[in-house]
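Chemist: Handing you this structure, nothing more for now.
Derivation of every value follows stated rules applied to the coordinates shown; laboratory data play no part. These numbers come from a predicted model, not from an experiment. All Cβ positions, glycine included, derive from the backbone under ideal geometry; neighbour counts span all protein chains shown.
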Amino acid sequence: MNDVSYVERRDRIEHYFDRTAPHVWARLTSDAPVSGIRATVRAGRDRMRATLLGWLPTDLHGARILDAGCGTGALSVEAARRGAEVVAIDLSPTLVKLAEERLPADLGFGRVTFHAGDMLDPALGEFDHVVGMDSLIHYEPADVVRALSALAPRVRHSMLFTFAPRTPALAAMHAVGKLFPRGDRAPAIVPVAEATLRDALRGAPGLAGWHAARTSRVASGFYTSQAMELECGE
């Protein structure tokens with residue numbers, strides 16, 4: 001996708017996760033002690049990961065999954081343990097390297113291959129399911145729709161993704177978050193009202209034949225994110 005705003009935002013996100021705070025995310029995604037703020041984020045991310053995994057089939061033998069924005073690979077590992085072939089990609093080579101180092105030796109019949117790059121790369125191939133946990137929350141709604149539209153022709157069953165819901169509480173937390181040291185801040189996210197996002201998805205030509213299904217919000221201290229499931233077909 002050649003959209004300028006998407007590319008510019010993508011590059012800023014890559015810089016943050018690969019150069020500014022990879023050590024922060026390495027610790028956050030481990031079981032090491034963290035600050036109170038980060039503890040709420042860790043708990044929220046754990047709940048969101050469990051939600052998204054719960055929307056995937058229990059048996060994934062023979063399924064090909066794209067973990068779009070895989071970070072340190074926790075979701076990829078769980079999907080592989082269900083038998084999936086997981087293509088895990090992240091903008092940050094540093095986080096991908098860490099994910100590779102953390103990959104368990106025994107995944108049963110599943111496997112994970114890691115890539116550093118853009119989740120929209122057509123060379124990644126076709127998939128049964130795509131999961132984008134907190135990888136699209138930094139983009140404008142129009143870019144989110146364009147990204148999903150770019151993926152849709154290569155996905156057979158479902159696309160699961162998260163967005164930042166536009167709520168008064170989240171807006172207040174963003175304002176308070178500016179008072180904390182830069183190391184405690186994630187890249188800027190773009191809140192969007194669920195109804196607005198649904199309308200945009202419904203009207204996107206590239207998503208004809210897709211419809212929004214399940215949705216679930218996770219709020220844990222300084223972490224607020226909402227999952228949405230897009231299904232192909234009726």
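Chemist: Over the Cα atoms of the chain, each weighted equally, I'd like the Debye log10 I(q)/I(0) at q = 0.13, 0.18 Å⁻¹, rounded to two decimals.
Modeler: Log10 I(q)/I(0), no solvent term: -0.75, -1.57.
Chemist: Sorting check: for 121-134, 31-44, which peptide has the highest mean count of neighbouring beta carbons within 10 Å, and how do the rest follow?
Modeler: Highest-to-lowest ranking by the protection proxy: 121-134, 31-44.
Chemist: Taking square-rooted eigenvalues a ≥ b ≥ c of the alpha carbon gyration tensor, is the stretch 1-115 rounded, prolate or oblate, where a/c under 1.5 means rounded and, failing that, a/b exceeding b/c means prolate?
Modeler: oblate
Chemist: Quick one: of the DSSP bridges fully inside the stretch 4-232, what percent are antiparallel, nearest 5?
Modeler: Counting DSSP beta bridges with both partners in the stretch 4-232, the antiparallel share is about 45 percent.
Chemist: Just order 110-119, 204-213 by mean Cβ neighbour count inside 10 Å, highest at the front, would you?
Modeler: Packing order, densest peptide first, comes out as 110-119, 204-213.
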